[in-house]
Amino acid sequence: MGKYQLDYKGMQQVERFHEKHSTVKSDKKARVQALLKQAKKKTGK
């Protein structure tokens, strides 16, 4: 096993950290595309 082993609480903190820092990039891309779709709808009317 590894040198550093985390208990349940530590694993939750690590998971939360990775979720927080990994989804920001994908959320920005999804948000930009959603805004572009809205802009196209507004200009198309």
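The values are calculated or read from the model by the stated rules, or taken from the named source; none is laboratory data. Small disclaimer: the values here were computed from a predicted structure and weren't measured. Positions of Cβ are backbone-derived with ideal geometry, glycine not excepted, and every protein chain shown enters the neighbour counts.
Just the residues that are in a helix (DSSP H, G or I) and of a type in the set (Asp, Glu), please, taken from segment 3-19. Before the answer, list the steps.
Initially, segment 3-19 is screened for residues in a helix (DSSP H, G or I), giving 8-19.
GLU15, GLU19, listed by residue number.
A search for C-beta distances below 6 Å between a residue of segment 8-21 that is at positive phi and modelled with pLDDT under 85 and any residue that is loosely packed, with under 10 Cβ neighbours inside 10 Å and hydrophobic (A, V, I, L, M, F, W, C), counting only pairs 6+ apart in sequence or on different chains, returns nothing.
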